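Report on one structure; see the data block that follows.
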Amino acid sequence: MTESKNEPDGAPKFYGRRKGRPLRPGRQALVETLLPEITVPTDRPNLDPRSLFDTPVEKVWLEVGFGGGEHLAALAERHPEIGFLGCEPFINGVAKLLSAVEDGGLKNVRVLADDARLLMASLQPASLDRVFVLFPDPWPKRRHWARRFVGPENLPAMARILRPGGELRIATDHPGYLDWILSHLIRSPDFDWQAERSADWLIPPDDWQPTRYELKSLAGRPHYLRFLRRSDS
Ligand SMILES: C[S@@+](CC[C@H](N)C(=O)[O-])C[C@H]1O[C@@H](n2cnc3c(N)ncnc32)[C@H](O)[C@@H]1O
């Protein structure tokens, strides 16, 4: 992971990879042509995400840190009635998603090739039905825990943009991050954990679409966590 040292004044510091290997020429061309067409603006406060799509969508779902976009593209193909927003600062991953969007003729995908916090700050309150944070970077060293995406800063931000009853889906295979996520979410006034039995978290939800990281991971056992946005907070 490389750290960005050039955040604009006042912007939260981003810890992650913005760059990567040079793009193949075909992918570079897609980044230059398709990305501007489907990029989500972050300079419009109170942005209604439904207004980003050319055809009406029933709901909007957001995926934070989509990696190569395999999960997002598969869901977008399965649910043409839903608008999908994806944020990923790793440009090689964005280029992969763009290939899938082009190959699949997907009209219901919009992308921010940057830090998800920028988009979250500009979205209208209660404008999303679901947020996915799948296998976020675990930042295992104690001195880096403050960088973890699921934590005290981003949970209220995600609660703000989810509608009451909307779902926050998180997956991790890192035992330390799992404890961290649960300890923060159980204390959060904004979310209820959806697990009838503790073993539920080892079984993916019925409609689960595996992610690339999940399929490649040898690190540990994935845990699947679902939280619903409370209506009374
Ligand atoms: C371990 S990878 C998992 C990728 C994908 N979700 C999967 O399961 O295959 C975590 C991803 O989160 C992205 N990421 C980290 N911080 C982010 C942020 N603030 N906003 C958006 N994406 C972020 C990283 O660039 C990386 O691609």
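The values are calculated or read from the model by the stated rules, or taken from the named source; none is laboratory data. As the structure is a prediction and not an experimental result, all values here were calculated from the model. Positions of Cβ are backbone-derived with ideal geometry, glycine not excepted, and every protein chain shown enters the neighbour counts.
Given the residues A11, A73, A29, which is the only one that is at pLDDT 95 or above and among the small types (G, A, S)?
Of A11, A73, A29, the one residue that is at pLDDT 95 or above and among the small types (G, A, S) is A73.
Cβ-Cβ under 9 Å, sequence separation 6+ or interchain: first residue in the range 207-227 and farther than 15 Å from H71 by Cα and within 12 Å of the ligand (Cβ to nearest atom), partner in a helix (DSSP H, G or I) and modelled with pLDDT of 90 or more. Which pairs?
P222/E214
Sort through W139, W145 and tell me the only one that's touching a helix residue (DSSP H, G or I) at 6+ places or on another chain (Cβ under 6 Å) and either surrounded by fewer than 22 Cβ atoms within 10 Å (Cβ to Cβ) or of a type in the set (F, W, Y) (or both).
So the residue among W139, W145 that is touching a helix residue (DSSP H, G or I) at 6+ places or on another chain (Cβ under 6 Å) and either surrounded by fewer than 22 Cβ atoms within 10 Å (Cβ to Cβ) or of a type in the set (F, W, Y) (or both) is W139.
Would you check which residues across the range 52-82 are part of a loop (DSSP other than H, G, I, E, B) and either within 16 Å of the ligand (Cβ to nearest atom) or within 12 Å of the chain's Cα centre (by Cα) (or both) and list them?
At the first step, the residues of the range 52-82 found to be part of a loop (DSSP other than H, G, I, E, B) are 53-58, 65-69, 79-81.
Answer for the range 52-82, where residues must be part of a loop (DSSP other than H, G, I, E, B) and either within 16 Å of the ligand (Cβ to nearest atom) or within 12 Å of the chain's Cα centre (by Cα) (or both): G65, F66, G67, G68, G69.
Scan L118, L123, L97 and give me the residue that is within 23 Å of G20 (Cβ to Cβ) and touching a residue at least 40 places away in the same chain (Cβ under 8 Å).
Details: L123 fails: within 23 Å of G20 (Cβ to Cβ); L97 fails: touching a residue at least 40 places away in the same chain (Cβ under 8 Å).
Just a single option satisfies the conditions, and that option is L118.
Can you pull out the residues in the range 34-47 that are modelled with pLDDT of 95 or more and of a type in the set (V, I, T)?
Scanning the range 34-47 gives I38, T39, V40.
Mind telling me which of the residues L168, L155 ends up being surrounded by 12 or more Cβ atoms within 10 Å (Cβ to Cβ) and over 29 Å from E77 (Cβ atoms)?
L155
Would you check if there is a residue in the range 49-67 being under 26 Å from R21 (Cα atoms), β-branched (V, I, T) and at pLDDT 95 or above?
The answer is yes; a qualifying residue exists.
Quick test for you: out of G165, G104, G176, pick the one residue that is under 30 Å from D232 (Cβ atoms) and modelled with pLDDT of 95 or more. Steps first, please.
Numbers: G104 fails: under 30 Å from D232 (Cβ atoms); G176 fails: under 30 Å from D232 (Cβ atoms).
Of the residues listed, the single one that is under 30 Å from D232 (Cβ atoms) and modelled with pLDDT of 95 or more is G165.
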